[in-house]
Structure formats: structure tokens, C-alpha cells
Amino acid sequence: MNNTEDTLLVTIHKAKMGNQMAFSKLLDTFWNDVYGFQLKRTENENDAEDITIQTFSKAFDKIDTYDESYKFKTWLITISKNIHVDLVRKRKRNVLESGSNNDAISKVLDDAPTAEDNLIIEQNLATLLQNIKKLKPHYQEVINLRYFHELSYAAIATELNEPINNIKVKLLRAKKLLAEIIKKKK
């Protein structure tokens, strides 16, 4: 086992223990792999991004079930592929019937501010708003609801009619992208 694999296993172990920085590192490390895989499959940026968000949401939810005898990337890609298959089936079913399912929102405690949160808070409001406008609209929306309307994850999930884990991953990704924009300007 090489040093990179050892480091990855340590990060996965930390994530299994609930370490938010470890989740963030895994997201950063594997986002492009999963997104690129889905972009080739779906040929649609929005679908690829939505499926990628759902993939990380599901993976982080089920990280305790990850078997270290398999590559982590392969595990993520498999989850991603299954979500895409489910999406295709759901779309076919929705064409045939016109019903809607409402997901129940579970009550989850909000996390303490991360390094990205602190970086965002430190910024001048006018500059921050300009930087937020550079994000895609759905990222702008979650940032706005979380930091300007001060809604909890559960409240945002209810507002956007999305599962709470999707909101968490979407917000995490939005904060990462916003932090990158801010760092480039410094």
C-alpha cells in the first residue's frame, strides 16, 4: 500500500468518525471523478451535478458500510451509477403517471462553522455579494437561505423540497466554490 492510499484510508476513517474536514477532503478529492463520469453518462451538466451531489450525500450517509477492500473511487462511482439508473427509471415512471412523492425531512443538528464559513464571514458584505453572484443560481440560493435568512439545514430542505443530505452537500460545495473565488481575488 502506498502513502497516498494510507492517507486516503486515514481520511476515510476520520469521516467514519464524523470529522467534517475529512468529508470535505473526500468531496474535494473525488468530486471531479464522479462529476466527469456522470457528465459522460448524462451529457447534461445539471443532471451530472445533481447526481454527483446525491452521490456524495448518500456516500457520506452510508460511509460506515464502505468496505476498504475496494477502492473508494469505485465505491462512489457505483453509488453514482445506481442513482443515475434510479433517476432514469423515475423519469420514465413520471411520464407514465402524474404523482409526486414528498420526502420526509429528518431533524438534524447544524454543524459548527468550518474554515470556509469563517472565511466567508470575514469578507466585506458588498464584495461577498458580488462573489456570490458568480456562483450558479442553485448555489446562490442555498448560500442566501443559510447565511442571509439564517435557516437551518432542515428549513432549507423544506423550502427547496429536497432531501436534507442534498442540502448539506450542495451547501458544502457552494462554500468551497465561494472560498475559491475569494482566494483568487486575494
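Taken together, the values in this text are just the output of simple stated rules run on the coordinates, not laboratory data. Keep in mind the model is a prediction, meaning the values are calculated, not measured.
For the stretch 39-49, what does the Karplus curve 6.51 cos²θ - 1.76 cosθ + 1.60, with θ = phi - 60°, yield as ³J(HN,Hα) per residue in whole Hz, taken in order and with x for Gly and Pro?
Per-residue couplings from phi come out as 5, 5, 6, 8, 6, 8, 4, 5, 4, 4, 5 Hz.
Taking θ = phi - 60°, what integer Hz values does the Karplus form 6.51 cos²θ - 1.76 cosθ + 1.60 yield along the stretch 53-58, in sequence order, with x for Gly and Pro?
Listing the rounded values in order: 4, 5, 4, 5, 4, 5 Hz.
Holding the Cα-Cα limit at 30 Å, pick out from K81/K133; K25/K184; K25/K133; K73/K133; K25/K136 the pairs that are longer than that.
K81/K133; K73/K133
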